[in-house]
């Protein structure tokens, strides 16, 4: 198999990754912030569970809820909450014209950038949590090795899915005004629909079918459920297929949207 | 300037604020569609986050004895206070850049207080999105909460809520000032301080009685968000036994907090030695 077509994108991935690796101090500050949010949410849910006034049975045990909270804080870097500043700048200033002159595919280039933008923060931010886990400061029970394996695989797919969402939102910036709106809404949508704000199972039952089919779920909620055994490992393959189908769909929409927009693209400025 | 009476000074300051507000508004309205889109998406985003709280009510029935109708008042006051502080106080947000580039030297040369100059750098009118969302929640709470309708009659109730709102925005504004002042020593912006602003908002929108004593004490003595929002509203809705005058006086702690942060700012300015050349 001839892989030479992938070489520029791999080079881009490497360059972006090493650039992003420089922000280690920021990642450490981020870790402390996440530690705070994690403890805050654990405290909140613990006292909610203690008050015993619930009209219905809880969808998760307290231990599972706490596990969900810590996994969400640990994997926060995967969340598709922002777009690449440089892409935004390129679109606003019209520099994207230079990018179009290059003999490489613009979609793949932006996808690679988005992937690097999710991969490195995820690594930098999860490592301190893994150390905490190792020394027993926080405790997230994992039922079996196969659950852990599928968790790992679905995290990887989650990264790809997240990069696909990020690239699509970057492309939406070509539609200046609505793109701005989508970009502003993105962190709130991603937070709520991926299960970061509260675990998705706490939403009312009539809302669950919608939550089950939307793509943000594949970023954080599904890997966490696999890790904690809320979804048995037998469903691991189904989860990965779910993530792959959404990734493919969003990539196709992105490619199509970019192509149709670039056909009528007007570059202002000289 | 010294010969001007205090009254004239206040009048001039006020005129300057209005003038800058108009300038910022005109600049941000240069692309009206874009501006409305920003406000609308901000509004929608906050609505989405509120869905999570509503889901918690659906699941747990109540939060520490508070119904959603009661909590909506507290939620509204907190978010309106935060939005107001953000609208007027975001000039302090990127202040570390001014220190780092040495631009603050120029601020000191102008015949106007540096505090006012930094404050007037930026008004973010898109924060109206959160303000409107908070106001809607507040109106919902005030009109449906049964508990809140028994203790006080209409006008005193409005006055209490207004005081709580002003006190809360003073605290958040004060926190922005604190965060900016630290840049005199650190040069860098301190992301960690976001724990106090966003964390304070997140924690303060729930009843304090959910938290352990240490955290409750923190929100009374150190960042007194409890004094300005939780305690007065809990008094109004009958969740904390406080005498009415105390409930009315507590939000003034917010003004005190803002005053302390302004003093800290003065200390920072005195400490400032230029980084530029």
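The values are calculated or read from the model by the stated rules, or taken from the named source; none is laboratory data. Worth saying up front: this structure is predicted, and the values here are computed from it rather than measured. With ideal geometry, Cβ positions are generated from the backbone for all residues, glycine too; neighbour counts draw on all protein chains shown.
In this structure, does residue A:192 turn out to be buried (at least 20 other Cβ atoms within 10 Å of the Cβ), within 14 Å of chain B (Cβ to nearest Cβ) and either in a helix (DSSP H, G or I) or at pLDDT below 90 (or both)?
Values: buried (at least 20 other Cβ atoms within 10 Å of the Cβ): yes; within 14 Å of chain B (Cβ to nearest Cβ): yes; either in a helix (DSSP H, G or I) or at pLDDT below 90 (or both): yes.
So residue A:192 passes the test.
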Open item on the list: Tally up the residues in segment A:195-207 that are more than 8 Å from chain B (Cβ to nearest Cβ) and touching a residue at least 24 places away in the same chain (Cβ under 8 Å), please.
Closed with: 4
TODO: Being touching a residue at least 60 places away in the same chain (Cβ under 8 Å), crowded, with 20+ Cβ neighbours inside 10 Å and either over 23 Å from the mean Cα position of the chain (by Cα) or at the interface with chain A (Cβ under 9 Å from one of its Cβ atoms) (or both) is the filter here, so list the residues in segment B:47-92 that pass it.
DONE: B:63, B:66
TODO: Go through segment B:193-234 residue by residue and tally those that are assigned to a loop (DSSP other than H, G, I, E, B) and within 14 Å of another protein chain (Cβ to nearest Cβ).
DONE: 6
- [ ] Quick one: in segment A:46-61, of everything that is at the interface with chain B (Cβ under 9 Å from one of its Cβ atoms) and assigned to a helix (DSSP H, G or I), which residue is nearest to residue B:67 (Cα to Cα)?
- [x] A:48
Open item on the list: Against the definition (away from chain A (no Cβ under 14 Å) and part of a helix (DSSP H, G or I)), how does residue B:44 come out, yes or no?
Closed with: no
